[in-house]
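A short reminder: the numbers here are calculations on the coordinates, not readings from a lab. The model shown is predicted, which means the values in this text are computed figures rather than measured ones. Glycine gets a Cβ as well: all are built from the backbone with ideal geometry, and neighbour counts include every protein chain shown.
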Amino acid sequence: KAGVTQTPRYLIKTRGQQVTLSCSPISGHRSVSWYQQTPGQGLQFLFEYFSETQRNKGNFPGRFSGRQFSNSRSEMNVSTLELGDSALYLCASSSDPGTGKDGQYFGPGTRLTVT
Amino acid sequence: GESVGLHLPTLSVQEGDNSIINCAYSNSASDYFIWYKQESGKGPQFIIDIRSNMDKRQGQRVTVLLNKTVKHLSLQIAATQPGDSAVYFCAENIRTGGSYIPTFGRGTSLIVHP
């Protein structure tokens, strides 16, 4: 079974631009969560989607948004990029997020650099 | 590989030793706790979890201890191997909206010397 895939793996953007990152979950998984990882703040939860609905959201500004499609693939968008948005963005999928995280698998991440 | 953090606490051990990694959590309402392992260039990997109604759980070579009184979590790795070298994170979770919202610790870098 293929793992979680994220595209692109690396991205360089300029302040003020917007960016869209993509995540393809493991086949059969309906939950997709997004995380931001930085040296300063560590790993932080962005949001979780389950069956195309945002189920939970972390403490991030409205510039961060996401969506999930009927095939469970998910995208996250960051508008009006700031230098502080430079980070590794991780996606994780699971079949049922409500029972626990032992079945949650992370992708390799997208490294976003904002200049 | 990807850098997961600067100035992380570091634990250096010899191969074959037992390792203990500690984590303090902040929210007494957290009811589900997880340890993750992250190797350079990869996403985090689930190791073991424990719910708040337990104080100890064992897996293969790993044991997690939970002390709710002092809000402390530890991960014990038996007979540490070079392949265990990685950054280890704890996460406290609160159940919300049918799922869990995690808050992650900063991580500890484990270095295993052969």
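In sequence order, what are the phi-derived ³J(HN,Hα) couplings for the stretch A:27-42 according to the Karplus relation 6.51 cos²θ - 1.76 cosθ + 1.60 with θ = phi - 60°, rounded to whole Hz, with x for glycine and proline?
After applying 6.51 cos²θ - 1.76 cosθ + 1.60, I find 3, x, 7, 10, 9, 10, 10, 10, 9, 10, 10, 10, x, x, 9, x Hz.
Write down the Å³ per residue value for the convex hull defined by the alpha carbon atoms of the protein assembly as shown.
Looking at the protein assembly as shown, the number lands at 122 Å³ per residue.
What translational D, rounded to a whole number of µm²/s, comes out for chain B from Stokes-Einstein when the hydrodynamic radius is the Kirkwood one over Cα pairs, at 25 °C and 0.890 mPa s?
So the translational diffusion coefficient is about 170 µm²/s.
To the nearest whole number, what is the average tally of beta carbon atoms from other chains within 10 Å of the beta carbons of peptide A:21-30?
Partner-chain Cβ atoms within 10 Å, mean over residues of A:21-30: 0.
Report the charge-dipole magnitude of the protein assembly as shown in Debye, nearest 20, computed about the Cα centre from +1 at each Lys and Arg Cβ and -1 at each Asp and Glu Cβ.
380
Before anything else, pin down the relative contact order of the stretch B:67-108: Cα pairs under 8 Å, at least 6 apart, normalised by residue count, whole percent. Intermediate results must be reported in sequence, preceding the final value.
Details: 29 pairs, mean separation 13.0, N = 42.
That works out to 31 percent.
Per residue of B:34-45, count partner chain C-beta atoms within 10 Å of its C-beta, then hand back the mean as an integer.
Neighbouring Cβ atoms belonging to other protein chains average 4 per residue here.
Which one of B:HIS113, B:GLY41, B:PRO102 is farthest out on the positive end of the charge dipole of chain B, using unit charges on Cβ (Lys, Arg +1; Asp, Glu -1) and the Cα centre as origin?
Ranked along the dipole, the leading option is B:PRO102.
Any idea what Rg and Dmax come out to for the stretch B:37-82 if you just take the C-alpha atoms, in Å?
When restricted to Cα atoms, the stretch B:37-82 yields Rg and Dmax of 12.2, 36 Å.
So what are the ³J(HN,Hα) numbers for the stretch B:96-112, from phi and the Karplus equation (6.51, -1.76, 1.60; θ = phi - 60°), rounded to whole Hz, Gly and Pro as x?
Couplings: 8, x, x, 9, 10, 9, x, 10, 9, x, 6, x, 10, 8, 9, 10, 10 Hz.
So for each of A:17-23, A:27-33, A:85-91 I average, over its residues, the number of other beta carbons within 10 Å; can you give me the resulting order with the highest mean first?
A:85-91, A:27-33, A:17-23
Starting at 0 and stepping by 5 Å, how many percent of the alpha carbon pairs of the stretch A:53-115 end up in each bin?
Percent of pairs per bin, in order: 4, 13, 23, 26, 19, 10, 5, 1, 0.
When all C-alpha to C-alpha distances in chain A are sorted into bins of 10 Å, what percent of pairs does each bin hold, rounded to whole numbers?
With 10 Å bins starting at 0, P(r) equals 15, 50, 29, 6, 0.
When only C-alpha pairs under 8 Å and at least 6 residues apart count, what is the relative contact order of the stretch A:10-115, in percent?
36
Any idea how far the Cα center of the stretch A:16-33 sits from the one of the stretch B:52-114, in Å?
With the stretch A:16-33 and the stretch B:52-114 each reduced to a Cα centre, they are spaced 26 Å.
Taking the highest mean first, how do the peptides B:26-33, B:107-114, B:96-103 order by number of other beta carbon atoms within 10 angstrom per residue?
On the way: B:26-33: 14.5, B:107-114: 17.0, B:96-103: 19.0.
Ranked by mean Cβ neighbours within 10 Å, highest first: B:96-103, B:107-114, B:26-33.
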